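Before any comments, here is the structure.
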Amino acid sequence: MYAVVFGKNPKLSKAEFWAFTRRFGLRARAIENSENWLIFECNRRIEHLFHKLGGSLKLIKIIGKGEEAINEFKYSKHFTISFYGKEDWKLWRKMGSKIKKNFKEEGSSKFFKPRNVYSMPSELILKGFPETKDFTFLFGNELYVGETLMIADPFELKKLDVGRPRQRAILSIPPRLARIMINLSEKREGNFLDPFCGVGTIVQEFLLQGLNAYGSDINPKILEAARQNIKWLRKEFGLKRNAHLEVCDAKRLQKCFRTKFDAIITEPYLGKPLKHFPSRSEAMRMAKELDHFYYPVFEGFAKVLKRNGRVVFVFPAYKLEDGKIYRRDRKWLKKLGFEVLAKYTDFEPRHRVVRDIHVLRYRG
């Protein structure tokens, strides 16, 4: 039995997790759901594939239920504990002291006790004390006790973003989200294309996941930046595969690529930056204007996708002046042969333009 702890957008992260299990045929079964974590049964392959998830922070091996399960913990010289679903500082310290006492016969141990923090930050394990064990307590309908097996590496994600030679601050999609979008496609192998690749964030992730990577952009200078980033990536991560990059108008992909694609994963131009939160009428107008651009783009997609190929596409939605979110219903997608399978939003509270992520299947 395992558990995953989700990141800052739990709804999107949970959707990614289930798409990920289908993508790799893991046959996971939910035991208990929470807003921020999930307990499930799954085969051990999850341990080897966890690093391919973008929206999950931790993979935990469940050892047992109830406080008595701490007797099953194996000795560690350094350890911390994480609470999920409950904030009780006294109980947190009590559990730490009890674990330390159980370890006493095997040797001395140090219990890291950050002040008023119930979920130990990954940095403690990754940076300062890599041998530290993280014992976890998940409070749901029952108390589940476990040990963290793997954690998302924030340093790797940061390196993939700001460590590469060419960057586009604000305009580039986060590496975390690129990983999530690939999993949402549920395509495990084949030819993958980002037709608005920019400096190559999504194409980088194609390569890291061992996929046949293709990218294009209408701007030659931006595409040259992507080439530099891919060259850096291959050297830094020891990758043998390379990406096929072309200067190309996304509306005319069939003129640039002879390949048929299993999946298109992309974030296109989302419009001009907004200086204020728009009214509903302003949002409707902006979305309609951008649809005049997106419609021929999807016509182009239809010419290069395999039948039942997937598209994970970011449309713009808008945070309105009254705090609500405007999301346009694009019925024209069905006319072009695309079936909307799911829709998810991703944004920060301060953002005026919201990512409205669509997962689509091309029916032909």
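The values are calculated or read from the model by the stated rules, or taken from the named source; none is laboratory data. All values derive from a computational prediction rather than experimental measurement. Cβ placement follows ideal geometry from the backbone for every residue including glycine, while neighbour counts extend to all protein chains displayed. Each accessible area value is taken on the protein alone, full model and side chains, heavy atoms only, with ligands, DNA and RNA left out. Shrake-Rupley method; radii C 1.70, N 1.55, O 1.52, S 1.80 Å.
Here are the numbers for the structure shown:
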item: Selection status of F137, crowded, with 21+ Cβ neighbours inside 10 Å, touching a residue at least 24 places away in the same chain (Cβ under 8 Å) and under 30 Å from I99 (Cβ atoms); result: yes
item: Some residue of segment 167-179 being within 14 Å of R310 (Cβ to Cβ) and either open to solvent by less than 10 Å² (accessible area, probe 1.4 Å) or modelled with pLDDT of 95 or more (or both); result: no
item: Test: residue in segment 295-310 that is among the aliphatic types (A, V, I, L, M), part of a loop (DSSP other than H, G, I, E, B) and either on the phi > 0 side of the Ramachandran plot or without any contact (Cβ under 8 Å) to a residue 60 or more places away in the chain (or both); result: no
item: Count of residues meeting criterion [open to solvent by less than 40 Å² (accessible area, probe 1.4 Å) and assigned to a strand (DSSP E or B)] in segment 148-165; result: 2
item: Yes/no for K74 being at pLDDT below 95, assigned to a loop (DSSP other than H, G, I, E, B) and farther than 23 Å from L177 by Cβ; result: yes
item: L207 vs. criteria surrounded by 15 or more Cβ atoms within 10 Å (Cβ to Cβ), modelled with pLDDT under 95 and either under 27 Å from the mean Cα position of the chain (by Cα) or at negative phi (or both); result: no
item: Flag for D153 being within 17 Å of A226 (Cβ to Cβ), in contact with a Ser or Thr (Cβ under 8 Å, 6 or more places away or on another chain), touching a residue at least 12 places away in the same chain (Cβ under 8 Å) and not small (G, A, S); result: no
item: Residue within segment 301-315 that is at pLDDT 95 or above, surrounded by fewer than 21 Cβ atoms within 10 Å (Cβ to Cβ) and among the small types (G, A, S) present; result: yes
item: Matching residues in segment 203-240 - criterion: being of a type in the set (D, E) and touching a helix residue (DSSP H, G or I) at 6+ places or on another chain (Cβ under 7 Å); result: E205, D217
item: Inter-residue pairs, beta-carbon under 9 Å, first at positive phi and in segment 160-173, second open to solvent by 40 Å² or more (accessible area, probe 1.4 Å) and assigned to a loop (DSSP other than H, G, I, E, B), 6+ apart; result: I170/P273
item: Residues of segment 13-47 classified as part of a loop (DSSP other than H, G, I, E, B) and either under 15 Å from L138 (Cβ atoms) or among the charged types (D, E, K, R) (or both), total; result: 5
item: Residues located in segment 15-45, provided they are among the charged types (D, E, K, R) and either out of contact with any Gly (no Cβ under 8 Å at 6 or more places or on another chain) or surrounded by fewer than 19 Cβ atoms within 10 Å (Cβ to Cβ) (or both); result: R22, R23, R27, R29, E32, E35, E41, R44, R45
item: Residues located in segment 183-221, provided they are over 17 Å from P268 (Cα atoms) and part of a loop (DSSP other than H, G, I, E, B); result: E186, K187, R188, E189, G190, Q209, G210, L211
item: Failed item in (1) without any contact (Cβ under 8 Å) to a residue 60 or more places away in the chain; (2) farther than 22 Å from I202 by Cβ; (3) over 25 Å from the mean Cα position of the chain (by Cα); (4) surrounded by 15 or more Cβ atoms within 10 Å (Cβ to Cβ), with R328 passing the rest; result: (3)
item: From A178, A225, residue being over 24 Å from D346 (Cα atoms) and hydrophobic (A, V, I, L, M, F, W, C); result: A225
item: Selected residue (criterion: nearest to F17 (Cα to Cα)) from residues of segment 166-182 that are assigned to a helix (DSSP H, G or I) and among the β-branched types (V, I, T); result: I180
item: Scan of segment 241-273 for residues that are in a strand (DSSP E or B) and either open to solvent by 30 Å² or more (accessible area, probe 1.4 Å) or among the charged types (D, E, K, R) (or both), ordered by number; result: H244, E246, V247, D262
